[in-house]
Structure formats: C-alpha cells, structure tokens
Amino acid sequence: MEELERREAAAGEEIGELRAEIEELTGCLAEEESVLSRLEITRETMTEILSGDEMVAEPGSEAGPQAGGSVGGG
C-alpha cells in the first residue's frame, strides 16, 4: 500500500508540473502569435505601400496614406 501511495503522490506531482508548464507555454504561444500577427500586418502594409496600391479608408476617416507625402516617384 505504501508503494501505491508513493506512486500516486509522484503522479500527482508530475501532473502539477505538467500543468504549470502548459500554462507557461500557453502564455509564450499567445505572445508569439501576437508578434506574428503584427509582422503579417506590417508586411501587408509595406506590400501595399511599395506596390502603390491605395488603401481603402475607414468610413468617416479623412486621413489617407498620402498624409506622409507622395509614394513612389518618377
């Protein structure tokens, strides 16, 4: 019976450690997904700028991409 109790306790400890590790990894995953999302948006924006495509302004927004000056040149 003592061996059974020892194994149960060990399994319980392992479960606790694994849950803590999963929680930490979940946080890391969320951070990295956020970074990836920002990079994807940046790439899309840069592609639009470099290709000269005009962005569609949000309804009610007067400021467009031309606010910083002309894009492209002769």
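The values are calculated or read from the model by the stated rules, or taken from the named source; none is laboratory data. Model, not experiment: these values are computed from the prediction. Here the Cβ positions follow ideal geometry from the backbone for every residue, glycine too, while neighbour counts run over all protein chains shown. Just so you know, the surface numbers come from the protein's heavy atoms only, side chains and all, with ligands and any DNA or RNA stripped out. Shrake-Rupley method; radii C 1.70, N 1.55, O 1.52, S 1.80 Å.
Asp53 fulfils the conditions (1) in contact with a Ser or Thr (Cβ under 9 Å, 6 or more places away or on another chain); (2) at pLDDT 95 or above except for a single criterion, (2). For segment 22-39, the count of residues that are open to solvent by less than 80 Å² (accessible area, probe 1.4 Å), of a type in the set (A, V, I, L, M, F, W, C) and either at pLDDT below 95 or not in a helix (DSSP H, G or I) (or both) is zero.
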